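Following: one structure in structure tokens, then a few remarks.
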Amino acid sequence: MKKNPFVIFILSICIICLLLGVATVAPQKVKPDNDANSAKLDKIIAQTNNKIAIISIDGVISSEPSNNIFEDESPSAMALNAIVRASKDESIKGVIIEINSPGGTVGMSQKIYNAVLQLRKNKPVIALMDDVAASGGYYIASAADRIVCLPGTMTGSIGVIMSTMDLHRLLNEKLSIQENVIKSGKFKDMGSSTRPMTNEERNMLQDMVNDSYEQFVDAIKVGRVERKDDYGVKIEPLNYDKLRSIADGRIFTGRQALENGLVDSTGGIDVAKEMMQLMVSKKFGLSPKVNLEYDTNYAKSSNFLKIFGVKSNANPFDAMLPQSMKYARKPLYLWE
């Protein structure tokens, strides 16, 4: 039978490929890594596991949902979640919390404060103040190991405010509008804007504000007056008597805050990074020159909305009202 040259050629190619395949998968002697490659690998691993998360807290601190369709939680809640996540993330060796806020609700301020205090047990935390870090903004900052602010930062405003609006004369006398209230107890509509506040009600609300205030002062006492660490980084002492004397709602510039022991240093992100470098090396026994990677996108953000011009559906009349009136009948850690 006559052999087909084409078939012979194809078979030859297949045999050659088969032999090459066997040669490729055959065991080969692996050369040990030299010192240079090993050092390079160690450096890559070190970079991967030595991250510093930068988490921002912007605007009024509140648990109110976001006003845009792309986010279903408040910016404060997103920051809180990021802080909790950083506490559990082994690749994160420290956290810088950038604060630009006049404060906000008592509850959310306390949630974030507690999360920062918990984080501080395991990793160094630095609060970096921007334009404003007052009232609830300072409340949160006081939970950090160190506070850095700009010389012109507006901070302080240690205190509590609660606002109600009395509209009963306008409604009753001018507009002839009368509200009918059916309630289970005489204090159920305490703080209502449709009737005058009684002295008994005012005293009760004042007691509640005073209690919230004492919680504020106690939080700063725990965070700053009683803090102890061996980071070897500059610390500005604050004693309790001094704290009580300035915790009357007054506002400070960053430089004044430093003089009064409310912050540890003035400066910007570079100062915060220098501090973090020393604190991380001390905490984890690393070289003072260890390479730290700063992650500015650790927390979920709405930069997408800004880039593409997506705006929230916030009520335009909100800008006309004081912040305290938007949260009427709530005690607030808020500077106005």
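The values are calculated or read from the model by the stated rules, or taken from the named source; none is laboratory data. Small disclaimer: the values here were computed from a predicted structure and weren't measured. Every residue, glycine among them, receives a Cβ derived from its backbone with ideal geometry; neighbour counts consider all protein chains shown.
Observations
- Number of positions in region 114-134 that are over 19 Å from residue 236 (Cβ atoms) and surrounded by 24 or more Cβ atoms within 10 Å (Cβ to Cβ): 1
- Any hit, region 124-137, residues being over 18 Å from residue 154 (Cα atoms), aliphatic (A, V, I, L, M), touching a strand residue (DSSP E or B) at 6+ places or on another chain (Cβ under 9 Å) and free of Cβ contacts under 8 Å to residues at least 40 places away in the same chain: yes
- Applying the criterion of being in a loop (DSSP other than H, G, I, E, B) and among the aliphatic types (A, V, I, L, M) to the residues of region 165-185, the residue that is surrounded by the most Cβ atoms within 10 Å (Cβ to Cβ) is 167.
- For first residues located in region 139-159 and at pLDDT below 95, partners that are hydroxyl-bearing (Ser, Thr, Tyr) and lie 6+ apart or on another chain with Cβ distances below 8 Å do not occur.
- Pairs, first within 13 Å of residue 139 (Cβ to Cβ) in region 203-216, second part of a helix (DSSP H, G or I) and hydrophobic (A, V, I, L, M, F, W, C), C-beta under 7 Å, six or more apart: 212/106
- Selection within region 135-155: residues that are among the hydrophobic types (A, V, I, L, M, F, W, C) and part of a helix (DSSP H, G or I). The member of this set that is surrounded by the fewest Cβ atoms within 10 Å (Cβ to Cβ) is 141.
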